[in-house]
Amino acid sequence: MGWAGPGWAGRLWAWPSPSGALYRLIRRVKHTIFLLTLAMTEKHTGHNYATANAEHFSERARSYRTELLEELARRCATSIQKIYPFDVNTTEVLDFACGPGLVAFELLPYTKRIVGVDSAQGMVDVFNHDAQKKNISLDKIHCVKIDSLKGDQSDVDGQLFDVVICVQAYHHFEDPTHITNALAQRLKPKGRLIVIDFADDEGTQTILTRKREGAHIHTVAHKHGFSFEQMTDMFKSAGLQDIHAEYGFKISKSEMKSYQGHELFGKALDGDDDISLQYFVAHGEKQS
Ligand SMILES: C[S@@+](CC[C@H](N)C(=O)[O-])C[C@H]1O[C@@H](n2cnc3c(N)ncnc32)[C@H](O)[C@@H]1O
């Protein structure tokens with residue numbers, strides 16, 4: 001894992017930190033090198049992120065819900081509600097890579113209907129079981145398993161949505177550009193795609209690099225989060241307009257440690273520095 005490892009390679013990756021044109025140029029070159037390295041490695045090893053994720057998250061589905069992930073889901077739901085004017089009588093939502101539905105169930109009181117989609121059967125089962133346990137009709141909320149999006153009318157049975165969300169999952173996707181295109185096609189005219197994931201700022205890079213020293217590296221295709229520029233480019237190529245990519249919320253190491261379930265971040269929370277994990281929010285509208 002030489003390209004992404006800690007030590008000198010990790011420090012080189014985090015350089016340079018100042019903002020400006022040179023910074024953006026170097027980040028773009030580094031990202032291109034990263035994608036090429038990734039492609040070559042995958043070709044060589046035959047690694048398939050989609051399969052690795054489906055297996056990993058199926059196994060983890062029943063124990064996924066923790067206090068820490070519930071808190072992060074609440075912050076994601078709050079960010080999403082600031083972007084789109086939810087109407088309980090009309091708003092239909094697609095939650096792509098929804099996991100067990102922590103964000104979906106937060107948004108449900110403000111939504112007419114939510115369809116969750118995930119590639120891990122275990123997640124789909126936990127999501128639907130929770131809806132059943134809460135006595136909510138499947139018309140209102142349910143989850144379906146989809147192995148991969150085709151980017152045509154066959155996705156999600158051709159249904160269209162007012163809001164498509166994808167939270168804490170882009171870093172798992174081998175081809176986020178393809179997925180952005182496919183998700184944009186699931187939007188009604190004037191509908192909005194909202195993506196939340198790890199930003200590529202310095203504190204977040206440090207935490208993610210330390211986390212990588214632990215397990216689960218085989219499920220993470222984009223190990224350095226995403227820049228605003230990368231997100232904007234993907235949204236543009238999907239034909240979206242009124243695009244925004246900005247910092248959403250952050251959570252410090254000390255606060256993370258105060259929640260049950262912080263062990264998920266392993267070594268990332270070691271050390272005395274109280275750096276934060278920073279999330280971006282990117283959103284764009286489908287043309288009418
Ligand atoms: C970190 S979890 C996030 C779950 C949920 N969005 C949340 O914020 O709690 C990532 C989810 O993405 C799903 N996933 C990963 N790759 C996927 C793919 N190619 N297609 C659909 N789902 C995928 C995983 O199964 C997992 O449920």
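The one condition from (1) out of contact with any Leu (no Cβ under 6 Å at 6 or more places or on another chain); (2) in a helix (DSSP H, G or I); (3) touching a residue at least 60 places away in the same chain (Cβ under 8 Å) that THR204 does not meet is (1). Taking the criterion of being touching a residue at least 12 places away in the same chain (Cβ under 8 Å) and either part of a helix (DSSP H, G or I) or closer than 17 Å to ASP175 by Cβ (or both), would at least one residue in segment 245-253 satisfy it? Scanning segment 245-253 turns up at least one residue that is touching a residue at least 12 places away in the same chain (Cβ under 8 Å) and either part of a helix (DSSP H, G or I) or closer than 17 Å to ASP175 by Cβ (or both). Does segment 135-156 include one or more residues that are at pLDDT 95 or above, exposed (fewer than 15 other Cβ atoms within 10 Å of the Cβ) and assigned to a helix (DSSP H, G or I)? No: segment 135-156 contains no residue that is at pLDDT 95 or above, exposed (fewer than 15 other Cβ atoms within 10 Å of the Cβ) and assigned to a helix (DSSP H, G or I).
Checking each residue in segment 75-105 for being surrounded by fewer than 19 Cβ atoms within 10 Å (Cβ to Cβ), hydrophobic (A, V, I, L, M, F, W, C) and under 25 Å from PRO176 (Cβ atoms) picks out only ILE83.
The single residue among ILE196, ILE217 that is under 21 Å from CYS98 (Cα atoms), of a type in the set (Val, Ile, Thr) and crowded, with 22+ Cβ neighbours inside 10 Å turns out to be ILE196. For segment 121-152, the set of residues classified as among the β-branched types (Val, Ile, Thr), more than 12 Å from GLY99 (Cβ to Cβ) and within 16 Å of the ligand (Cβ to nearest atom) consists of ILE141, VAL144, ILE146, listed by residue number. GLN168 passes every criterion in (1) away from the ligand (no atom under 13 Å from the Cβ); (2) at pLDDT 95 or above; (3) within 15 Å of the chain's Cα centre (by Cα) apart from (1).
On the stretch given as segment 257-288, residues that are closer than 24 Å to ILE80 by Cα, among the aliphatic types (A, V, I, L, M) and at pLDDT below 95 total 1. Checked across segment 65-86, the condition of being at pLDDT 95 or above, away from the ligand (no atom under 15 Å from the Cβ) and of a type in the set (A, V, I, L, M, F, W, C) holds for at least one residue.
The values are calculated or read from the model by the stated rules, or taken from the named source; none is laboratory data. Remember, it's a predicted structure, so these values are computed and weren't measured experimentally. Positions of Cβ are generated from backbone atoms using ideal geometry, with glycine treated the same way; all protein chains shown enter the neighbour counts.
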